[in-house]
Amino acid sequence: MGELKMERITSFSVDHRKLTKGVYVSRIDGDLITYDIRMTQPNVEPALKPEAAHTIEHIGATLLRNGKYKDRVIYFGPMGCMTGFYLIVRDLDLEVIKEVVKDVYSQIASWDQEIPGAKEEECGNYTFMDLAEAKKAANYFVNSKWEHEYHLL
């Protein structure tokens with residue numbers, strides 16, 4: 001059996017050496033826009049701790065799905081490389097998303113409530129959370145200089 005020939009996917013074609021912290025358009029599929037929320041600089045800064053990313057996912061998804069644009073939020077979840085998150089929305093432009101992301105991450109940075117969905121019946125790995133690290137990572141991101149020019153299309 002020969003080697004399977006596959007095309008390189010678009011996200012692997014992005015030069016990650018040029019990415020810095022920020023919010024970028026990753027791809028557009030009709031009215032769906034995937035945003036790259038890059039919380040740390042790839043291969044330069046430490047990646048997110050998985051427990052912190054899991055916590056950010058729970059709080060962030062809850063805030064987004066209860067926020068002003070809740071009917072346009074399709075998905076919010078961590079990147080496998082643990083340097084950020086993907087946010088998929090319907091018809092929300094970059095300027096709006098930058099403000100939404102700042103607001104959501106500011107709320108995460110100061111979160112003082114129970115982590116949403118962190119009970120055994122609500123999550124498949126409910127003990128895999130770290131609120132202190134999530135708050136620290138969100139605060140670091142919110143207070144960092146963001147880039148927005150390097151689009152991944």
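No lab work stands behind these numbers, since they all come straight from the coordinates. Bear in mind the structure is a predicted one, so any value in this text is a computation, not a measurement. Cβ atoms come from the backbone with ideal geometry, glycine included; neighbour counts cover every protein chain shown.
Points to keep in mind about this one:
- Hey, Ile28 in contact (Cβ under 8 Å) with a residue 40 or more places away in the chain, in contact with a Pro (Cβ under 9 Å, 6 or more places away or on another chain) and at negative phi or not: no
- Near pairs, Cβ below 7 angstrom, 6+ apart or cross-chain, from segment 77-101 (of a type in the set (Asp, Glu)) to any residue that is in a loop (DSSP other than H, G, I, E, B): Asp91/Asp31
- Extreme residue, surrounded by the most Cβ atoms within 10 Å (Cβ to Cβ), among residues of segment 63-76 that are in contact (Cβ under 8 Å) with a residue 24 or more places away in the chain and not in a loop (DSSP other than H, G, I, E, B): Leu64
- Among the residues making up segment 1-32, those that are surrounded by 14 or more Cβ atoms within 10 Å (Cβ to Cβ) and part of a loop (DSSP other than H, G, I, E, B) are Val14, His16, Leu19, Thr20, Lys21.
- Residue check, Ala118 assigned to a loop (DSSP other than H, G, I, E, B) and aliphatic (A, V, I, L, M): yes
- Set Ala132, Ala138, Ala118, Ala109: member being of a type outside the set (Lys, Arg) and free of Cβ contacts under 8 Å to residues at least 12 places away in the same chain: Ala132
- Screening the candidates Leu87, Leu48 for the property of being touching an Asp or Glu at 6+ places or on another chain (Cβ under 9 Å), within 24 Å of Phe12 (Cα to Cα), in a loop (DSSP other than H, G, I, E, B) and not small (Gly, Ala, Ser) yields one hit, Leu48.
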